[in-house]
1. Pop the C-beta distance of SER66 and ASN150 into the FRET formula with R0 = 35 Å and round what comes out to the nearest 0.05.
2. Run the quick spin-label model on ALA88 and GLN130: label points 7 Å from Cα toward the beta carbon, then report their separation in nm to one decimal.
3. Check cross-link reach from LYS92 to the lysines: straight Cα distance under 30 Å, and skip same-chain residues fewer than eight apart.
4. Using amide H atoms built in the peptide plane, which far-off residues or other-chain residues are under 5 Å from ILE159 H to H?
5. For HIS25, project a label point 7 Å along Cα to C-beta. Then give me every residue of the range 59-73 with its amide nitrogen under 20 Å of that point.
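Nothing in this text is a laboratory measurement; each read-out follows from the coordinates by a stated rule. Since this is a predicted model, take the numbers as computed values, not measurements. In this analysis, Cβ positions are derived from the backbone assuming ideal geometry, glycine residues included, and neighbour counts consider all displayed protein chains.
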Amino acid sequence: MLQGRLQTRITPMRTPIGTIHILWHMENRPVISKVILPGNLNGRMKFASLSLESVKMENLALDLCSNFQRKVLEVVCRIPAGFVSTYACIAKKLSTSPRSIGRALATNPFPIIVPCHRIVKSDGSLGGYQGSAWMKKRLLESEGIKFDENDKILKKFIIGGLK
């Protein structure tokens, strides 16, 4: 590694939607700069190991995000696996609009690590996802979320109030 330059590494990780690639570098701790969803990897980079279970908010290069996006991502990280919340619920918590929450999540540089797939429309339909609707549904199903015959999330999986 050259002095003053960080060596970016990439770690592939199997998920229910295919292999994601995590771009990271080492400072005093591993710092993740981006998560690349399946089908979006161009070029070659050095592969190394990094455990997804060890990733915490302080391991993310949050300086890549605006202050608003950082606040949105911090709230989204509080949603446990097996549950979802809505754009409107997050918006109410942050005193903003559901659309602005959607915009912040559409450019989330850390999908899956910051589980933006756990945010859905108020009627229980999926809403957007930077990968695809199929990826979002598959991730939610892998966490135990169930859908009705109209492909809407069952109400028992939708949580409202977040701390």
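1. In this case the efficiency is close to 0.50.
2. Modelled inter-label distance: 2.7 nm.
3. LYS34, LYS56, LYS71, LYS121, LYS136, LYS137, LYS146, LYS152, LYS155, LYS156, LYS163
4. Those qualifying (amide H under 5 Å, at least 5 residues apart or on another chain) are VAL84, SER85.
5. Answer for the range 59-73: 59-66.
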